[in-house]
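Peer 1: Below you will find the structure I want to go over with you.
Rule-based calculations on the coordinates, nothing more; no lab input. Please read these numbers as outputs of a predicted model, since none were measured by experiment. Don't worry about glycine lacking a Cβ; one is built from the backbone with ideal geometry, like all the others, and counts go over all protein chains shown.
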Amino acid sequence: MAFGKANVLAILFYCLFLVASSGEEDFRGEFQSPAWAGYYQDNGTHYILYEKPKVTRPSYLVRNISTNPAINALESLDYLPTRIVNGEKISILNAPYQCALHYQKSFICGCVIISRRWILTAQHCKIGKPGSYTVRAGSTQQRRGGEVRQVQKIVSHGGYSERTMKNDLVMMKLKEPLKFRKGVQPVKLPSPKTKRFPRCYWATGWGLTSANAQNVQRYLRRARVCMVGRSRCRQMYRKAGIKIYKVMICAKGKNRDTCSGDSGGPLVHNGVLYGITSFGIGCANANYPGVYVNIKRKVKWMQKVVRKY
């Protein structure tokens, strides 16, 4: 009988050894089997980390964000991201206009609060019907806390071009109004009469923190970036076959940038919104600044949408 118990104990310890040695410890201190390891899916603008066996990729994750072969070629090489690189963690109180956009319960993009019922994001973040989107506001974390609202209506900019990425802008109306408080506030919009742009800005978001990262951030981050002249930006992107238009502005920082998961997020100076994160090549790539929608040229369109709907 003693021999039998010893065998049982030996088998038990052996099994425990196999479990512990065949997987890697995750951030919760739990062990994962390699067959159940997390993986990420990339559509060129954001990454989604799944902690479950790999399944067929949903159609919305494999669509091209542009009909421009040059842009989609960059996408296939993971060269078309938008995320905060080498930034710092901040509280939502430092950016109360920031919100997180989720599609079918998965984080996909950043967004900006412009009123109690309206948020602004990038057009290439629009991948489905309004009812599939939710917006989280008032939380430093993109997965929990704050206020969550379902999207009721989506209004795309009529001048958007998938080929050129011009006017990469969309407005979403919420089913229920947000409750403004310290961590939930509308962003200020630039006056159309503004002649000079600020030199430097804060870009915020929950995106990747490096080109090799595999999952978006849990906590909000920001990076300081400064404007790059349009003529200089055009020269830099010309060799990649991408044209920079007047409806775009370019900005970069020293080893700092926006990246995957930050698309649709704000570019702000003193609480005033000057840009919406659109696209770029690589992350904190010295040869290619980040490209943003020029909000100064879109204020009248935004006001028209709010009045009409």
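Peer 1: Please work out how much length the chain gains when fully extended from ARG234 to ARG218, using 0.36 nm per residue of separation minus the C-alpha to C-alpha distance, in nm with one decimal.
Peer 2: Roughly 2.3 nm would be gained on extension.
Peer 1: Please tell me which of these pairs span more than 22 angstrom C-alpha to C-alpha: LYS126/LYS252; LYS89/LYS296; LYS105/LYS175; LYS173/LYS308?
Peer 2: The pairs that break the limit, which is 22 Å between Cα atoms, are LYS126/LYS252; LYS89/LYS296.
Peer 1: Something else now. Report the convex hull volume per residue for segment 88-308, counting only C-alpha atoms, in Å³.
Peer 2: 113 Å³
Peer 1: A follow-up question, please. May I ask you to sort THR277, THR164 by Cβ crowding, counting other Cβ atoms within 10 Å and putting the fewest first?
Peer 2: Ordered from fewest to most neighbouring Cβ atoms within 10 Å, THR277, THR164 come out as THR164, THR277.
Peer 1: On full extension of the chain, what length is gained from GLN303 through ASN270, given 0.36 nm per residue of separation minus the C-alpha to C-alpha distance?
Peer 2: Full extension of this stretch gives 9.8 nm more.
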